[in-house]
Amino acid sequence: MEPFQLTQRPGEPASLHITRWESGHPGLSAGFTTRLGGVSQAPYDSLNCALHIQDDPSVVADNRKRLAASLNVPFEAWTCGEQVHGCQVAVVARSDRGRGRLTREDAIPDTDALITNERGIWLTSFYADCVPLYFFDPVREAVGLAHAGWKGTVLQIARRTVEEMTRSFGTNPADVLAAVGPSIGPCCYEVDSTVTERIDECLTDIGADASMREAVCRPGRPGKTMLGLQQLNGQIMIKAGILPTHIEICEMCTGCRTDLFYSHRKERGKTGRMASWIGLAL
């Protein structure tokens with residue numbers, strides 16, 4: 001079953017929820033937005049959640065507030081990092097609550113993964129084809145998000161996030177529930193040899209067998225590869241100690257579904273951004 005289920009009430013943003021997690025753990029909210037139900041104008045129509053593109057910041061703030069209200073989450077709890085396609089993991093403390101929600105200047109700098117064991121903080125990050133990664137430790141009541149483009153993937157940001165949760169919160173990787181969210185799939189993500197070489201190094205590092213290599217790197221046009229970052233991030237999670245049965249992988253491709261999602265590649269860079277979120281209520 002698809003782990004991300006669509007929810008939309010009249011007049012509210014449309015969003016996807018990891019329903020199995022939410023139903024099994026009261027107080028947990030985790031999911032991913034769509035492009036539907038906001039107030040941004042074209043080409044960012046309509047639920048653009050990111051400040052780093054050319055959309056009106058006041059409109060972006062309105063979209064974020066609308067989303068928070070639809071989730072019954074205080075907008076003051078929304079906490080963002082400044083994404084740089086790296087592998088830095090930030091531990092979000094109570095004093096960081098709300099950073100980046102209205103301006104990029106006060107976001108947590110130079111970080112693509114956020115983790116916290118503080119209730120009442122909702123972690124958020126932003127996407128238009130890159131892979132959203134979710135982490136939930138129900139034993140230590142800790143949560144995490146990571147933004148994984150191909151650069152973050154080969155830097156194994158998924159593994160680094162789990163390792164930091166272990167260092168900071170005492171997380172046992174075998175307790176962690178993980179999810180790979182909507183992102184561009186191997187049907188739409190064509191890359192050249194520069195990227196493929198880095199992917200191959202990562203596959204070697206995690207000890208991938210021939211079948212996994214075939215699943216991640218499919219033949220494309222001459223000199224090109226169709227890349228499956230979802231499958232690779234799932235394998236990195238397993239290498240980090242997360243049980244395969246604890247990993248959910250979304251089957252929706254942002255490139256195929258521009259009716260529902262923004263896609264930087266399919267829309268030639270002129271588009272908005274979705275948001276991932278995760279948090280535990282007070």
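Read-outs: derived from the displayed coordinates by stated rules, not from any lab. Just so you know, these numbers come straight off a predicted model, no measurement behind them. A quick note on method: Cβ atoms are made from the backbone with ideal geometry, for glycine too, and the neighbour counts reach across all protein chains shown.
How many residues are at positive phi and more than 17 Å from the chain's Cα centre (by Cα) if we restrict to region 72-105?
Residues that pass the stated criteria total 2.
Hey, can you tell me all the residues within region 82-121 that are farther than 26 Å from Thr258 by Cβ, among the charged types (D, E, K, R) and not in a loop (DSSP other than H, G, I, E, B)?
Arg94, Asp96, Glu105, Asp106
Working only within region 122-144, note down all residues that are over 12 Å from Ala30 (Cα atoms) and either of a type in the set (A, V, I, L, M) or in a loop (DSSP other than H, G, I, E, B) (or both).
Within region 122-144, Ala128, Asp129, Cys130, Val131, Pro138, Val139, Arg140, Glu141, Ala142 meet the criteria.
Examine region 193-205 for a residue that is in contact with a Ser or Thr (Cβ under 9 Å, 6 or more places away or on another chain), touching a residue at least 40 places away in the same chain (Cβ under 8 Å) and either polar (S, T, N, Q) or not in a helix (DSSP H, G or I) (or both), and state whether such a residue exists.
There is no residue in region 193-205 that is in contact with a Ser or Thr (Cβ under 9 Å, 6 or more places away or on another chain), touching a residue at least 40 places away in the same chain (Cβ under 8 Å) and either polar (S, T, N, Q) or not in a helix (DSSP H, G or I) (or both).
Please go through (1) out of contact with any Pro (no Cβ under 7 Å at 6 or more places or on another chain); (2) surrounded by 16 or more Cβ atoms within 10 Å (Cβ to Cβ); (3) touching a residue at least 24 places away in the same chain (Cβ under 8 Å); (4) part of a loop (DSSP other than H, G, I, E, B) for Leu51 and return the number of the only condition it doesn't satisfy.
(1)
Suppose the filter is touching a His at 6+ places or on another chain (Cβ under 9 Å), among the hydroxyl-bearing types (Ser, Thr, Tyr) and within 28 Å of Ala142 (Cβ to Cβ); does Thr103 pass it?
On the way: touching a His at 6+ places or on another chain (Cβ under 9 Å): no; among the hydroxyl-bearing types (Ser, Thr, Tyr): yes; within 28 Å of Ala142 (Cβ to Cβ): yes.
It is false that Thr103 is touching a His at 6+ places or on another chain (Cβ under 9 Å), among the hydroxyl-bearing types (Ser, Thr, Tyr) and within 28 Å of Ala142 (Cβ to Cβ).
May I ask you to say which residue of Ala146, Ala93, Ala128 is small (Gly, Ala, Ser) and touching a helix residue (DSSP H, G or I) at 6+ places or on another chain (Cβ under 6 Å)?
Exactly one of Ala146, Ala93, Ala128 is small (Gly, Ala, Ser) and touching a helix residue (DSSP H, G or I) at 6+ places or on another chain (Cβ under 6 Å), namely Ala146.
Sort out which residues of region 206-241 are farther than 27 Å from Phe136 by Cβ, hydrophobic (A, V, I, L, M, F, W, C) and part of a helix (DSSP H, G or I), and write them in order of number.
Ala210
If a residue must be in contact (Cβ under 8 Å) with a residue 12 or more places away in the chain, more than 21 Å from His17 (Cα to Cα) and part of a loop (DSSP other than H, G, I, E, B), how many such residues does region 54-77 contain?
2
Looking at region 21-40, is at least one residue charged (D, E, K, R) and within 27 Å of Leu282 (Cβ to Cβ)?
Taking every residue of region 21-40 in turn, at least one turns out to be charged (D, E, K, R) and within 27 Å of Leu282 (Cβ to Cβ).
Quickly run through region 1-41 and pick out the residues that are of a type in the set (Ser, Thr, Tyr) and either in contact with an Asp or Glu (Cβ under 7 Å, 6 or more places away or on another chain) or not in a strand (DSSP E or B) (or both).
Those that are of a type in the set (Ser, Thr, Tyr) and either in contact with an Asp or Glu (Cβ under 7 Å, 6 or more places away or on another chain) or not in a strand (DSSP E or B) (or both): Thr19, Ser23, Ser29, Thr34, Ser40.
Could you list all residues from region 86-120 that are of a type in the set (Lys, Arg) and crowded, with 19+ Cβ neighbours inside 10 Å?
Matches in region 86-120: Arg99, Arg101.
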